[in-house]
Amino acid sequence: MKAFWLTADGRLVYVDRLAEDIKFRRTVIGQGAYGTVYKATCQKTGKEFALKCHKRGVEEATVRELSCLTALQGHPYVIQIHECVIHNGMMATLMSYAPYTLSNIIPLSFVARFSVQVAEALSYMHRLNLVHRDLTPFNVLLTEDLTVQVADMGLSRHSCKWMSTPVVTEAYRAPELFVEGGISEYTCAIDMWSLGVMIVDIIVRTLCPKDHPDASLMPWDPKTLMPQVMKCALVKRIVFQLLAFRANERLLAHELRESGVSSPF
Ligand SMILES: Nc1ncnc2c1ncn2[C@@H]1O[C@H](COP(=O)(O)OP(=O)(O)OP(=O)(O)O)[C@@H](O)[C@H]1O
């Protein structure tokens, strides 16, 4: 790790050397509970990076996020970190830049591909006993060529018997997390539920984009919409297996990865 500071003219300066090659532009590309993400550009190569400035400096969540990301370095479907810099207790992470997220409208034919790529990343994480705990379309980034880059490991941790339940954005939260008390027994299966919701969510959004000129005439009623989503036997089987109410009946990441889903949904 290297100490750094940000100069008034937007350069990222290391204590031990001047990082003249990385120009830091004050363009906010994302903002979350744990930090602000800016775009950084390498002056020599023009390559773009994302610089996440962690709001609360070095705290448990930051350490967890970095240790998970470090454990997953080299995986083709997980966001890569290039530098982690720290100064006066403040911290920033330089990552690969991914211009899109799954929250953007994506081609319907891409659903199978992204599902398998997310399943690949989750299968690797779950094998390492890491649970993501915040899988949403906003945290699944996409490169220029629409390759999945799972990101935002701020809530990720090593799975253990008792874990806190106020995790995962509500719409993507598995039923076993809706318990009182704040702490419960659950497993990596919560990530698979989130993936199931994401698949339905993306298909529905793609079929009925809100900004479509005929949006008001489109069938928003779930009774009309779900048959469209469910008319493909393969989607139906996978979505039903991911959205199994009982966690132990839910499809595992490696099972989805090995299920041979490659044809467009
Ligand atoms: N590597 C990246 N490339 C491009 N955009 C990114 C990158 N990393 C993060 N972002 C953008 O910044 C947003 C916030 O980043 P991130 O989710 O890591 O922050 P956070 O504070 O942990 O957020 P949250 O409140 O969701 O936990 C993301 O939703 C995404 O839009």
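Rule-based calculations on the coordinates, nothing more; no lab input. Here the structure is a predicted model, which is why all the values come from computation and not from measurement. Neighbour counts run over all protein chains shown; Cβ positions are idealised from the backbone, glycine included.
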> Hey, does the range 110-120 have a residue that's within 16 Å of the ligand (Cβ to nearest atom) and of a type in the set (Ser, Thr, Tyr)?
Replying inline: no
> Can you list the strands (runs of 3 or more DSSP E) found entirely within the range 16-135 that contain at least 3 residues being without any contact (Cβ under 8 Å) to a residue 12 or more places away in the chain?
Replying inline: 18-31
>> Of the residues Leu135, Leu142, Leu102, Leu128, only one is within 30 Å of Ala247 (Cβ to Cβ) and surrounded by fewer than 16 Cβ atoms within 10 Å (Cβ to Cβ); which?
In response: Leu128
